[in-house]
Amino acid sequence: MERLRVGFAVMLIFRFVLNMVHSSNAQSLAPASPPISDWGNS
């Protein structure tokens, strides 16, 4: 049971780190490509 809890915590942390990396990459690429919200307005 404890292993399942540890695996769940690791998965949450891993997803959180991936989200942080993805958001930072999206911000650095913002000038090159328009955000998804602007695609619907065009």
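For the list (1) modelled with pLDDT of 90 or more; (2) charged (D, E, K, R); (3) exposed (fewer than 10 other Cβ atoms within 10 Å of the Cβ), I need the number of the one condition that Asp38 fails.
If we test Asp38 against (1) modelled with pLDDT of 90 or more; (2) charged (D, E, K, R); (3) exposed (fewer than 10 other Cβ atoms within 10 Å of the Cβ), just (1) comes out false.
Looking at Met11, Met20, can you tell me which residue is surrounded by 10 or more Cβ atoms within 10 Å (Cβ to Cβ), under 14 Å from the mean Cα position of the chain (by Cα) and at pLDDT 90 or above?
That would be Met11, the only listed residue that is surrounded by 10 or more Cβ atoms within 10 Å (Cβ to Cβ), under 14 Å from the mean Cα position of the chain (by Cα) and at pLDDT 90 or above.
The values are calculated or read from the model by the stated rules, or taken from the named source; none is laboratory data. Note that the coordinates shown come from a computational prediction; the quantities given were computed from them, not determined experimentally. For neighbour counting, all protein chains shown are included, and Cβ atoms are generated from backbone atoms with ideal geometry for every residue, glycine included.
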